[in-house]
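Visitor: Dropping a structure here in structure tokens format, bear with me for questions.
The values are calculated or read from the model by the stated rules, or taken from the named source; none is laboratory data. All values derive from a computational prediction rather than experimental measurement. Cβ atoms come from the backbone with ideal geometry, glycine included; neighbour counts cover every protein chain shown. For the accessible areas, the whole protein counts, side chains as well, though only heavy atoms, and no ligand, DNA or RNA atoms are used. Shrake-Rupley method; radii C 1.70, N 1.55, O 1.52, S 1.80 Å.
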Amino acid sequence: EAGVAQSPRYKIIEKRQSVAFWCNPISGHATLYWYQQILGQGPKLLIQFQNNGVVDDSQLPKDRFSAERLKGVDSTLKIQPAKLEDSAVYLCASSLVETGVAEAFFGQGTRLTVV
Amino acid sequence: GENVEQHPSTLSVQEGDSAVIKCTYSDSASNYFPWYKQELGKGPQLIIDIRSNVGEKKDQRIAVTLNKTAKHFSLHITETQPEDSAVYFCAATNNDMRFGAGTRLTVKP
């Protein structure tokens, strides 16, 4: 079974630029998560989708972050404009069960550096 | 929303010793508690999980206990090996998954 795919693996941008990350979850997984992991900290949930609907985006800085899940499969996370404090690893995860109470499988993440 | 606290932040043990990591959560409605291991440059990987209707679960050298009344759960690793060295995260789930800050475990040979 293929895992969660994320791209790019690494990205370096200047502050005020925009950036987008892509995630392809495991086939058939209804729930998709985006997490932000700052160095030395635990993953922080940004947004959770069930199919193509948003379940929780309470911690997403909506003035600069946006996310969508196309046709309930792939997802993109965008930052515009980026700030220095956005430097982090962005992790995508997916799980099979719609309730979210199930194992979440993580991708390798995209490491973003804002300079 | 859910708040998860994890202790200790770092833990160093001798190979063969046991390691214990503890977490507390705030939302009494949380009903699923996974533990993840994260190695450098990789995404977190599930090592064990427990649901709220179970008090203890064991898988070879790894065990997890859950005290719903006190709202805390713990990870126990016995007979530690150098390859157990990593960062471990607990999480609590009530529809969405919230993580603790992590414990860096070092197993010295």
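Visitor: Using 14 Å as the cut-off for backbone N distance, which residues of segment A:66-87 belong to the label zone defined by a point 7 Å from the Cα of A:Ser7 along Cα→Cβ?
Guide: A:74-76, by backbone N distance to the label point.
Visitor: Determine the order of B:His72, B:His7, A:His29 by accessible area, beginning with the largest, at a probe radius of 1.4 Å.
Guide: B:His7, B:His72, A:His29
Visitor: Across peptide B:39-49, what mean number of C-beta atoms from other chains lies inside 10 Å of a residue's C-beta?
Guide: Details: counts 0, 0, 5, 4, 15, 10, 2, 4, 0, 0, 4.
Average per residue, whole number: 4.
Visitor: Within segment B:1-80, which GluC sites (Glu not before Pro) sit in a loop by DSSP and count at most 14 neighbouring Cβ atoms inside 10 Å?
Guide: Here the GluC sites (Glu not before Pro) that fit, given the DSSP loop and packing criteria, are B:Glu15, B:Glu39, B:Glu79.
Visitor: Between A:Ile38 and A:Val115, what is 0.36 nm times their sequence separation minus the Cα-Cα distance? Round to one decimal in nm.
Guide: Details: separation 77, 0.36 × 77 = 27.72 nm, distance 1.52 nm.
Working it through step by step, the gained length comes to 26.2 nm.
Visitor: I've got another one for you. Give me the percent relative contact order of chain B, please, defined on Cα pairs under 8 angstrom at least 6 residues apart.
Guide: That works out to 38 percent.
Visitor: Using only C-alpha positions, report the orientation-averaged shadow area of the convex hull of the protein assembly as shown, nm², one decimal.
Guide: 12.1 nm²
Visitor: Another question, then. Would you list the P(r) distribution for chain A, with all Cα-Cα distances sorted into 10 Å bins from 0 and each bin expressed as a whole %?
Guide: Whole-percent P(r) values from 0 Å outward: 16, 50, 29, 5.
Visitor: Here's another thing I want to ask about it. Cα extents of chain B along the three principal axes, largest first, in whole Å?
Guide: 41, 27, 20
Visitor: Per residue of B:89-100, what is the mean number of Cβ atoms on other protein chains within 10 angstrom of that residue's Cβ?
Guide: 5
Visitor: Normalised by the residues of segment B:1-45, what does the relative contact order come to in percent, with Cα pairs under 8 Å and at least six apart? Don't skip to the answer; put the middle values down first.
Guide: Details: 31 pairs, mean separation 16.2, N = 45.
This gives 36 percent for segment B:1-45.
Visitor: Also, I was wondering about something else. Order A:Ser66, A:Ser58, most accessible first, counting only protein heavy atoms with a 1.4 angstrom probe.
Guide: Working: A:Ser66 55, A:Ser58 85 Å².
Largest accessible area first, the list is A:Ser58, A:Ser66.
Visitor: Sticking with this structure for a sec: So which of A:Lys15/B:Lys42; B:Lys71/B:Lys108; B:Lys68/B:Lys108 end up more than 29 Å apart, counting from Cα to Cα? If you can, show how the numbers build up before the last one.
Guide: Working: A:Lys15/B:Lys42 26 Å; B:Lys71/B:Lys108 32 Å; B:Lys68/B:Lys108 33 Å.
Pairs exceeding 29 Å: B:Lys71/B:Lys108; B:Lys68/B:Lys108.
Visitor: About its Cα centre, what dipole magnitude does chain A give when the only charges are +1 on Lys and Arg Cβ and -1 on Asp and Glu Cβ, stated in debye to the nearest 20?
Guide: Dipole magnitude for chain A comes out near 460 debye.
Visitor: Relative contact order for segment A:18-115: what is it in percent, counting Cα pairs under 8 Å that are at least 6 residues apart?
Guide: Relative contact order of segment A:18-115: 33 percent.
Visitor: Looking only at trypsin sites (Lys or Arg not before Pro) in DSSP loops with at most 14 other Cβ atoms within 10 Å, what is the longest site-free stretch of chain A?
Guide: In short, A:17-61.
Visitor: Right, next: Please build a GNM for chain A, connecting alpha carbons under 10 Å apart, and tell me which residue among A:Asp63, A:Asp86, A:Asp74 fluctuates the most.
Guide: Among A:Asp63, A:Asp86, A:Asp74, the largest mean-square fluctuation in the Gaussian network model of chain A belongs to A:Asp63.
Visitor: Among the GluC sites (Glu not before Pro) within segment A:15-115, which fall in a DSSP loop and have no more than 15 other Cβ atoms within 10 Å of their own Cβ?
Guide: Passing sites in segment A:15-115 are A:Glu98, A:Glu103.
Visitor: Express the C-alpha Rg of segment B:48-109 as a ratio against the empirical globular expectation 2.2 N^0.38 Å, rounded to two decimals.
Guide: On the way: Rg = 12.8 Å, N = 62, 2.2 N^0.38 = 10.6 Å.
Ratio of Cα Rg to 2.2 N^0.38 Å: 1.21.
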